[in-house]
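A.B. asks: Could you have a look at this structure, given as structure tokens, before my questions?
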Amino acid sequence: MNQGGVATTNGGSGSGSVGVQIHQSRRLPDFLQSVNLKYVKLGYHYLISNLLTLCFIPLIAVISIEVSQMNLDDLRQLWVHLQYNLASIIICSAILVFGLTVYIMTRPRPVYLVDYSCYRAPDHLKAPYGRFMDHSKLTGDFDESSLEFQRKILERSGLGEETYVPKAMHNIPPTPSMAAAREEAEEVMFGALDILFHNTNVKPKDIGILVVNCSLFNPTPSLSAMIVNKYKLRGNIRSFNLGGMGCSAGVIAVDLAKDMLQVHRNTYAVVVSTENITQNWYFGNKKSMLIPNCLFRVGGSAVLLSNKSKDRRRAKYKLIHVVRTHRGADDKAFRCVYQEQDDAGKTGVSLSKDLMAIAGGALKTNITTLGPLVLPISEQLLFFTTLVVKKLFNAGIKPYIPDFKLAFDHFCIHAGGRAVIDELEKNLQLLPIHVEASRMTLHRFGNTSSSSIWYELAYIEAKGRMRKRNRVWQIAFGSGFKCNSAVWEALRNVKSSSNGPWEDCIDMYPVKINT
């Protein structure tokens, strides 16, 4: 459970000092005020790193056009010329073989998203506002100020009445035991994986790479080992378990799986993203540590990736870019989402009043690097020209903020909190429809941490909005502090898979959210 919580507290508080703190921390910095040139250079570095491919393809096209325009006499003269110029033949052949070899060796293997699934908890685990507050009172752990604070957070959170909390939190008193935490993890992970294997007809034994991310629950044996044991995965599987990396770890897990698929040919990779609430509920009265209780809910996803060329025909998406930004070298950024004990010795995740400003800086860095990779050349020239003029002539003009709507058709912004979505909508100049998936995911499922971006993608598919060649931008924040982006391209008109999280309720959305 991580950074999204503070974003939803639009000034509500149980005490005056806390109210000021939340009010000050809810806004992202204005991106128009400053853009760092070195991150633009980094983006162009990524672009130039693929220059060989970009140059080689047009060269082949030019040669093909020239050859197509040659007549029979031209071909006969060329053959006569080559017969008496052995050196020319050898040189041309060597250049051709060398060029093709370099191209094949340096070309990254395409990574396809075959399908994915999202876990949906049973109805008896729903936690409407009234039940949530009644249980909070009955635990006897919270004073009146803390209860009022939680009530205000819920009212302003953007969460609806149908989100889920784990079974242990429905008990009076709660039972946050290791056994209960394992039970939650198994239900979420196995529930998502069962749907994934059923929908794709892929056998567990065919999986060669497994990446699991869960920030706060890391038992021994690991969560990845639990999956290996459950599905009897093969003995040489390359498994990874990512812990403590926050709500952006889902993109990190995809990036790791992508790198592994570049090395290991003809295989499948499964990425499982979840968060565990059972043992990470806060039972104290420190306001900054109470916010995650109000926002984080049960959820998880499983994603099947492939580097097999035959899977392109049935895959939903192709991975285009992953851009990761880490601000952990800065002490404030490192500590802005921090797991610790309060004065009474109760463990929770503390959220700094500087969180939104730090998130804004990480986002600015990330999108400045991403821009050259995805924006049309017209937007890049406008952006780069105004930036250079400002830097060289110290002119009092604001940098041109590119229109990312020209680069992406759909946006999956991590549903960390209502104010985060509001501020990204404002700063990136998005339309309400662009953030609809994020708002509705927050309303229906709450903050499910790293898996929220997959619930959002499922919403877009369930609405029938995903068309062939549409580009999707998934962006998430995480403790450390990190901001990570993944860009996907639809390979066909994508429909929602069976047993999707929105299957029986998509017609009720979007809903109006009270301000």
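The values are calculated or read from the model by the stated rules, or taken from the named source; none is laboratory data. Predicted model only: the values in this text are computed from it and were never measured. Neighbour counts run over all protein chains shown; Cβ positions are idealised from the backbone, glycine included. With ligands, DNA and RNA removed, areas are computed over all heavy atoms of the protein, side chains included. Shrake-Rupley method; radii C 1.70, N 1.55, O 1.52, S 1.80 Å.
A.B. asks: Of all the accessible heavy-atom surface of the range 112-508, with the other protein chains kept in place and a 1.4 Å probe, what percent is carbon and sulfur?
C.D. replies: Details: 7520 of 14900 Å².
C and S fraction of accessible area: 50 percent.
A.B. asks: If you take every residue apart from Glu461 with its C-beta less than 12 Å away from the C-beta of Glu461, what net charge results, scoring Lys and Arg +1 and Asp and Glu -1?
C.D. replies: Values: positive: Lys316, Lys463, Arg465, Arg467, Arg492, Lys495; negative: Asp115, Glu456, Glu503.
Every neighbour counted, the sum reads +3.
A.B. asks: May I pose another question? Where the centre of each part is set by its Cα atoms, how far does the range 96-166 sit from the range 457-487, in angstrom?
C.D. replies: Here the answer is 14 Å between Cα centres.
A.B. asks: In what sequence, highest mean first, do 405-416, 195-206 appear when ranked by Cβ atoms within 10 angstrom?
C.D. replies: Listed from highest to lowest mean packing, they are 405-416, 195-206.
A.B. asks: Mind checking the dipole of the range 112-508: about its Cα centre, +1 per Lys or Arg Cβ, -1 per Asp or Glu Cβ, Debye to the nearest 20? Please list the in-between numbers first.
C.D. replies: On the way: 51 positive and 39 negative charges, 338 e Å.
It comes to approximately 1620 debye.
A.B. asks: Under a plain spin-label model, where a point goes 7 Å from the Cα along Cα-to-Cβ, how far apart in nm are Ala329 and Asp134?
C.D. replies: My value for the distance between the label points is 5.4 nm.
A.B. asks: Taking amide H positions as placed in the peptide plane 1.01 Å from N, state which residues far from Cys412 in sequence (5 or more) or on other chains have amide H under 5 Å from it.
C.D. replies: Hits under the 5 Å cutoff: Trp473, Gln474, Ile475.
A.B. asks: With θ taken as phi - 60° and the coefficients 6.51, -1.76 and 1.60, list the Karplus ³J(HN,Hα) couplings across the range 301-318 in order, rounded to whole Hz; mark glycine and proline as x.
C.D. replies: Values, residue by residue: 9, 9, 10, 9, 10, 8, 10, 7, 4, 5, 7, 4, 5, 10, 5, 7, 9, 10 Hz.
A.B. asks: For the range 112-508, what class follows from the C-alpha gyration tensor (a ≥ b ≥ c being the square roots of its eigenvalues): rounded when a/c is under 1.5, otherwise prolate if a/b is larger than b/c, else oblate? Mind dumping the intermediate values first?
C.D. replies: Working: a/c = 1.61, a/b = 1.13, b/c = 1.43.
In terms of gyration-tensor shape, oblate.
A.B. asks: Report for the range 112-508 the percent antiparallel among DSSP-assigned beta bridges with both residues inside it, nearest 5.
C.D. replies: Numbers: 38 of 54 bridges.
Antiparallel bridges: around 70 percent, rounded to the nearest 5.
A.B. asks: For Lys230 and Gln77, what is the calculated FRET efficiency with R₀ set at 45 Å and r taken between the beta-carbons, to the nearest 0.05?
C.D. replies: Numbers: r = 69 Å, r/R0 = 1.54.
With a Förster radius of 45 Å, E is 0.05.
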